[in-house]
Amino acid sequence: MSDYKTMNSTIASLQNRLVLPKFQRGYVWTETKQLELIESLHKGFPFGALLTYAQKGSDEEKLLDGQQRWTTIMDFKYNKAKYFKKLQRPLYDETIQKLNSFIEEDKTMNESDFDRLLSASSEYSTKKEDLSDLVDDYKLKYKFFNITSKEIRHIIKDTQDKMIRYLNVDSLEVPIIQYFGSEDEIANVFASLNKGGIKLTKYEIYAAAWDHTEIKLNTSKLQEELLNNVVNFYTEKKRIQKIAD
């Protein structure tokens, strides 16, 4: 019986149950790779499967492979303005110029303030600034004329809708490979992913092996020796498995 099964899941559904395990590396993708992923999703290109671990007795799933892609998608979801100004620059410039046409000639709205408007929410949210309050503040700051706060909000909402239509990540379906085997094998699964991409360090493999255990070591030769032994153990285990196959 296989320890894996495949399925499709929307980002919105997956977000409610997916967690990053302690052993995952930090965010290492460059801005170029982030933009390339979002643009490829916008064009409908295939999305590589995420590998997750379905823990028994828990509704949560640990993300074993795909952290860089997942983190980029979440970053886009909550920071669309950052991507909008790079991927849809003509529309970005057109909108800010439209607002500037209602500001006195000696002033122009800076991109930082414009980005805040694009990221603000028209509905109550604990995570976002309120659009109405922000528009009122900027109307005074930039001394807008011949335009009401309601009309400014309409311009911003219209642009926000275009940003969402560019890529609605909540409804995006992605393939999932779900591992539900022994938790003791997670380190072996994680280490086997080190065949391509950015090489895992021995510390990351070590962390995967003892994800469910609290271990504290001081910085000494003993710690270095233990880390090397962990890497050597899984390297040798993998080599033996290949010979057996």
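Things worth noting here:
- Summarising the amide proton neighbourhood of Leu64: residues at separation of 5 or more, or on other chains, whose placed amide H is nearer than 5 Å comprise Leu51, Thr52, Tyr53.
- The C-alpha atoms of the range 95-157 occupy a region whose extents along the principal axes are 36, 21, 18 Å, arranged from largest to smallest.
- Counting neighbouring beta carbons within 10 Å and listing from fewest to most, the residues Thr6, Thr52, Thr72 come out as Thr6, Thr72, Thr52.
- Hull volume per residue, based on the alpha-carbon atoms of the range 1-124 and their convex hull, is 158 Å³.
- Coupling constants for the range 34-50 follow from the phi torsions by the Karplus curve (6.51 cos²θ - 1.76 cosθ + 1.60, θ = phi - 60°), and in residue order they are 4, 5, 5, 5, 4, 5, 5, 5, 4, 7, x, 5, x, 10, x, 5, 8 Hz; glycine and proline get x.
Values quoted throughout were computed directly from the atomic coordinates according to the rules given, and no laboratory measurement underlies them. Because the structure is a prediction, the values reported are computed rather than measured. Neighbour counts run over all protein chains shown; Cβ positions are idealised from the backbone, glycine included.
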